[in-house]
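Report on the following structure.
The values are calculated or read from the model by the stated rules, or taken from the named source; none is laboratory data. As the structure is a prediction and not an experimental result, all values here were calculated from the model. A quick note on method: Cβ atoms are made from the backbone with ideal geometry, for glycine too, and the neighbour counts reach across all protein chains shown. Only protein heavy atoms, including side chains, enter the accessible area calculation; ligands, DNA and RNA are left aside. Shrake-Rupley method; radii C 1.70, N 1.55, O 1.52, S 1.80 Å.
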There are 2 protein chains.
Amino acid sequence: MEEISEKKKAIFESALKLVQKCGFHGTPMSMIAKNANVAAGTLYLYFESKDELLTALFNYNKKKVETAVDQYLNDETSYKEQFFKIWLHLYKFYITNTEVLKYFEQYINSPYNVERNPLHFRGKLYEFLDKGIKNNQFFMSRTEMLRINPKSWGVVISSIDS
Amino acid sequence: MEEISEKKKAIFESALKLVQKCGFHGTPMSMIAKNANVAAGTLYLYFESKDELLTALFNYNKKKVETAVDQYLNDETSYKEQFFKIWLHLYKFYITNTEVLKYFEQYINSPYNVERNPLHFRGKLYEFLDKGIKNNQFFMSRTEMLRINPKSWGVVISSIDS
DNA sequence: GTGGAGTGAATGAACGTTCAGTCATAAAGC
DNA sequence: GCTTTATGACTGAACGTTCATTCACTCCAC
């Protein structure tokens, strides 16, 4: 995780809290600024535009999640064990950072999300799931469902276990 | 399903298509009007405000889904059989009406959604799932996951089957 | 001719963005 | 050490645009 200035962090925190509550359209830049104790103009020293701010906030938190999870991806333990560990930590992360998950859901279903991809459609986690699917680790007909929503994983776990 | 005027239907169709593509903020009333071949003012003969239009559109489509599914809820067949049938028809509905599902996802994660409830948290379908949970029809630890997303149901089905 | 449906230009508020100006601190000159 | 000059982060009022909403008007069925 690259280090970011305190001010930028304050802006991120302010935006996360507000957008999660009021939505993208419902949170003017002036409000983000006020809540972060900076002037409106300051936002534009750190970000090119509102769009860029909101996209940066998404990527910032996405990276946070990824680093919280990627450490459990290794070939030293069984696939099943890795799967459980990752799910557990993803679950924990989202439970303790509900505002992050809420922001993700807002962002993903908004026009800001240009890629139009679900949350974990890139990176190591994606590769891990993909490998599992190819190696028949999952017993289900429509494996693409795995990548829909971390919340669904609980169901998958029962499936694997039975 | 109560009958609605052709004009209202045209407005709904226009809004559905545009919002799904451009998002709530990205679709001005003027655009909805133009796309429906009516004047901007006409929208206000049928709806009180933009908010009301978008909420009405949500409820309109929700009712559509519900009537498409509720007919399969009856006590004449086994729980399992009902579950399969409902899932199949929900799935079919969303596959043939992708823009409806996309609109739902946008709406549910927007500040317009005052109830802050997932999609099928009310009505007969909810009661059906609730009954199944209480009667131990599902073998999983976190049954509330059932109500998250119709797409996840495929996973649940494998779970029931195994 | 009256009533009601429909129109679309006009209105005004909200908001993203800009930029001239402030101020604290650092560097340079004496 | 003290004064002057330069720097650039930061500010917030002002600007221009975008849009939801309105309303004076037209059109048409009866």
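Listed values, structure above:
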{"quantity": "Distance (nanometres) between label positions extended 7 Å along Cα→Cβ at residue A:3 and residue B:93", "calculated": "5.5"}
{"quantity": "Calculated from backbone phi, Karplus (6.51, -1.76, 1.60) coupling profile of the stretch B:59-72 in Hz, x at Gly/Pro", "calculated": "5, 4, 6, 4, 5, 4, 4, 4, 5, 6, 10, 4, 4, 8"}
{"quantity": "Label 7 Å beyond Cα on the Cβ vector: residue A:127 copy-to-copy distances, nm", "calculated": "5.1"}
{"quantity": "At 7 Å out from Cα toward Cβ: residue B:25 inter-copy label distances (nm, ascending)", "calculated": "0.9"}
{"quantity": "Equivalent-ellipsoid semi-axes of the stretch A:8-114, from the Cα gyration tensor, Å, largest first", "calculated": "32, 13, 12"}
{"quantity": "Those residues of the stretch B:59-101 whose amide nitrogen sits under 16 Å from the label point placed on residue B:131, 7 Å along Cα→Cβ", "calculated": "B:69-87"}
{"quantity": "Extension reserve of the residue A:37-residue A:80 stretch, reckoned as 0.36 nm per residue once the Cα distance is removed", "calculated": "10.8 nm"}
{"quantity": "Accessible-area ranking of A:76, B:52, largest first, probe 1.4 Å", "calculated": "A:76, B:52"}
{"quantity": "Contact surface A-B: accessible area buried, both sides summed, square angstrom, 1.4 angstrom probe", "calculated": "2000"}
{"quantity": "Accessible area of the stretch B:1-100 belonging to carbon and sulfur atoms, whole % at 1.4 Å probe", "calculated": "52"}
{"quantity": "Of A:124/B:102; A:50/B:102; A:17/A:131; A:102/B:21, those spanning more than 29 Å from alpha-carbon to alpha-carbon", "calculated": "A:17/A:131"}
{"quantity": "Label geometry 7 Å along the beta-carbon vector: residue B:91 inter-copy distances in nm", "calculated": "2.5"}
